[in-house]
Amino acid sequence: MSISWQHSACPEWCIIDHAEGDHPDDRAHRDAGRSVILTLRVRDFVEEKLVERIVDQNLILGRWQHDGDSRVWYFLGTDDGIEYELSEASLRRLVSELQGLLE
Ligand SMILES: [Zn+2]
């Protein structure tokens with residue numbers, strides 16, 4: 001760790017090559033992210049008729065942490081602009097509830 005603004009070493013999952021001149025807003029650790037293809041049922045009204053179709057959607061998952069902040073935020077987003085940044089407790093609740101749906 002040789003960057004003067006860096007308060008703590010990178011988490012093991014950080015893939016960012018930090019630099020001395022990084023803007024303060026960019027001083028965060030990030031992972032490489034991953035994507036999951038979801039098959040979704042989508043319903044739309046077409047000329048007042050409800051039409052159902054099946055589409056694939058890319059869900060992007062990742063995590064990041066401001067340097068010096070103990071909180072890790074978990075990112076869930078889609079290519080069309082839906083984005084959530086969840087606390088770890090929220091992500092754990094979500095995973096637990098999703099697992100419950102499958103039991
Ligand atoms: Zn880092």
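Values quoted throughout were computed directly from the atomic coordinates according to the rules given, and no laboratory measurement underlies them. All values reported here derive from a predicted model rather than from experimental measurement. No Cβ is skipped: glycine too gets one built from the backbone with ideal geometry, and neighbour counts run over all protein chains shown.
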Approximate spin-label separation Q6-T39, in nm, with each point projected 7 Å along Cα-to-Cβ: 4.4 nm
Kirkwood-based shape ratio for the chain, expressed as Rg/Rh from alpha carbons: 1.13
Coil-residue trypsin sites (Lys or Arg not before Pro) of region 52-103, DSSP, other Cβ within 10 Å capped at 14: R71
For T39, T78, order by how many other beta-carbon atoms lie within 10 Å, fewest first: T39, T78
Qualifying chymotrypsin sites (Phe, Trp or Tyr not before Pro) for region 1-89 [loop in DSSP, other Cβ within 10 Å: at most 15]: W5, W13
R0 of 41 Å, Cβ-Cβ distance D25-L98: FRET efficiency to nearest 0.05: 0.80
Neighbour cut-off at most 11 other Cβ (10 Å), DSSP loop, GluC sites (Glu not before Pro), region 1-90: E12, E20, E47, E48
Cα-centre dipole for region 24-102 with unit charges at Cβ (Lys and Arg positive, Asp and Glu negative), debye to 20: 380 debye
Percentage relative contact order, region 24-102, counting C-alpha pairs under 8 Å, at least six apart: 23 percent
